[in-house]
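Report on the following structure.
Taken together, the values in this text are just the output of simple stated rules run on the coordinates, not laboratory data. Keep in mind it's a predicted model, so treat the numbers as computed, not measured. Cβ: placed from backbone, ideal geometry, glycine included. Neighbour counts: every protein chain shown.
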């Protein structure tokens, strides 16, 4: 390689390295602000004030969904298998909202320690399976929900 | 010892000459012209079965039902949008260091195709998000960094067009492409570094994929098809650009008068 | 073959997805073919003018 090319190559790599370092520092500094949602454990350990908007994410605890028969009000427990928070919501739930599946809710804590959600989104996991296979898995292991957990 | 070293040198030399030939616009134009029909053939041979398999033969997903069929276009174009940026950056680096005009031109012709795949990724992902998550768009790490990728592509295209002198334009825009590669690991690892609405990686090269084979095969067909589409498209665009750049050269004179 | 989803609710998301993808791919593939032919004609005309 000629000296000019060597110099150009090292300048290009230096720019790339500098840019990479700057970006990593930026991402490091932003830290938790880049989290799209927080788990119940995060919420309970971070001492979030009531009324402060944030997103709470986790699994819908099986058997915890209670629907009001007359209104669209619904309550369920969001859990990360260590801590859990009860969520109250009024509105239409996404089609993929299921017990034992991931969910992300946007809202704020109320004074009674429960979470008042303004928006509920279903979180999908990375598994893609035909129904016959999940049926077979459920037959083999009737207690667990097949493919339900990450 | 002496024999093996001369063998090695001649092998290396042959590689080098072969590589250098691609640096000649006239050679590039001729050989790529012969390659393009084969790339299109391969594309149709993979894409047509891939689409039919993915849309009408693959079983529905146990949870999402049929809406998951969008992944057969979403995932290939998402991967391609990132791969094209990486290819563009490598070609730009070759252009910047060695000043090979064909590499510079190839890099600049990558940008519009990459931008198109990014648009397809964002649009199909949004249309998949509505029935799955219950929203078209959220500012989570994966979606935001893919949107940044689109802006980077648009920046490369814009910078290239803003400078009149074509070679200087290609090098300036190439530098932006080179710097922009820092976004690629962010897109890839966004779902691991941060909590996101977007799910984690389904298909991995190493290790087990969490997708059933009946759905993986059409996906792989589409992934390969999209690569051939990119190849054919990139060569076509680069041939055009080289022809315009060299319009006063003899090889173009002969080429154009013969058609 | 499974055509049932075409009349299901998800068709409203699947069909536009593939529609957008097809339209963008077609445009991106055909645009250089058209402009290439036009440019070749222009270069040819330029050369004839010079000769």
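Summary table
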| item | result |
| --- | --- |
| Average other protein chain Cβ within 10 Å of Cβ, residues B:212-219 | 2 |
| Distance (nanometres) between label positions extended 7 Å along Cα→Cβ at residue A:66 and residue B:201 | 4.3 |
| Expected 222 nm ellipticity per residue - DSSP helices of 4 or more, -39500 (n - 2.57), all of chain C, to 500 | -29000 deg cm²/dmol |
| Chain A: relative contact order in percent, alpha carbon pairs under 8 Å with at least 6 residues between | 18 |
| Degrees between helix A:3-30 axis and first principal axis of chain A (Cα, 0 to 90, nearest 10) | 30 |
| Cβ crowding within 10 Å averaged over residues, with B:76-89, A:36-49, B:105-118 ranked highest first | B:105-118, B:76-89, A:36-49 |
| Highest to lowest packing among B:241-251, B:62-72, scored as the average C-beta count within 10 Å | B:62-72, B:241-251 |
| Number of partner chain Cβ atoms within 10 Å, mean per residue of C:1-13 | 5 |
| Residue-averaged [θ]222 nm for chain B, counting only DSSP H segments that reach four residues, each worth -39500 (n - 2.57) | -27000 deg cm²/dmol |
| Pairwise FRET efficiency - residue C:51 versus residue B:220, Cβ, R0 = 51 Å, nearest 0.05 | 0.45 |
| Highest to lowest packing among A:123-136, B:37-50, A:14-27, scored as the average C-beta count within 10 Å | A:123-136, B:37-50, A:14-27 |
| Residue A:136-residue C:3 FRET efficiency (beta carbon distance; Förster radius 22 Å; 0.05 resolution) | 0.30 |
| For chain A, calculated [θ]222 nm from helices alone, where every DSSP H run of n ≥ 4 adds -39500 (n - 2.57) | -10000 deg cm²/dmol |
| Exercise: per-residue mean of other protein chain Cβ atoms within 10 Å, B:63-76 | 6 |
| Label-point gap, in nm, between residue B:26 and residue B:157 - each point 7 angstrom along Cα→Cβ | 3.4 |
